[in-house]
Amino acid sequence: MSNRYEAFLILRTQGSEDSAKEIIERLSGEFTAEGAKIEQVQRMDKRQFAYAAGDLSSGYYVNFIFEAEPTLIDKMQAKFRLDEDVYRQHYQRLRAKKADVSAKA
């Protein structure tokens, strides 16, 4: 039984927007390779942190909305924990999409 999830990631992007695009495409591929069906990718741009985290003072915020099995979340957390491009990650289960009313009629 698959559920809808939201993955909020903060990426380390040293340099330009192009590096962020490449990282997002790679992460999208990893979600898909593990069996997730990505509904939406929200790129929220690069933002400054309230305080510097070591040598890192800003990060690129991105939000993935996808449908997957519950076991996928643990796999992705473990995989992204080892990924140097992912600075922070947070996963949240979303409510199921409401069925389209016009489709029932």
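The values are calculated or read from the model by the stated rules, or taken from the named source; none is laboratory data. Owing to the predicted nature of the structure, the values given are computational and were not obtained by experimental measurement. In this analysis, Cβ positions are derived from the backbone assuming ideal geometry, glycine residues included, and neighbour counts consider all displayed protein chains.
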Out of the range 1-60, which residues are surrounded by 14 or more Cβ atoms within 10 Å (Cβ to Cβ), polar (S, T, N, Q) and either touching a Leu at 6+ places or on another chain (Cβ under 8 Å) or over 22 Å from residue 92 (Cβ atoms) (or both)? 3, 13, 19, 58
Restricting the range 44-83 to residues that are part of a strand (DSSP E or B) and among the aromatic types (Phe, Trp, Tyr), the residue that is farthest from residue 24 (Cα to Cα): 51
Of the candidates 26, 4, the one satisfying the condition of being of a type in the set (D, E, K, R), at pLDDT 90 or above and touching a strand residue (DSSP E or B) at 6+ places or on another chain (Cβ under 9 Å) is 4
Scan of the range 84-95 for residues that are more than 17 Å from residue 53 (Cα to Cα) and within 13 Å of the chain's Cα centre (by Cα), ordered by number: 90, 91, 92, 93
Residues within the range 18-45 that are within 17 Å of residue 63 (Cβ to Cβ) and either of a type in the set (D, E, K, R) or in contact with a Cys (Cβ under 9 Å, 6 or more places away or on another chain) (or both), tallied: 8
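One line per residue, one yes/no per condition, for (1) closer than 23 Å to residue 1 by Cα; (2) among the charged types (D, E, K, R); (3) out of contact with any strand residue (DSSP E or B) (no Cβ under 6 Å at 6 or more places or on another chain); (4) in contact (Cβ under 8 Å) with a residue 40 or more places away in the chain:
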site: 33; (1), (2), (3), (4): yes, no, yes, no
site: 53; (1), (2), (3), (4): no, no, yes, no
site: 56; (1), (2), (3), (4): no, no, yes, yes
site: 69; (1), (2), (3), (4): yes, yes, yes, yes
site: 78; (1), (2), (3), (4): yes, no, yes, no
site: 81; (1), (2), (3), (4): no, yes, yes, no
site: 98; (1), (2), (3), (4): yes, yes, yes, no
Across the range 58-67, what is the total count of residues that are free of Cβ contacts under 8 Å to residues at least 60 places away in the same chain and out of contact with any helix residue (DSSP H, G or I) (no Cβ under 6 Å at 6 or more places or on another chain)? 5
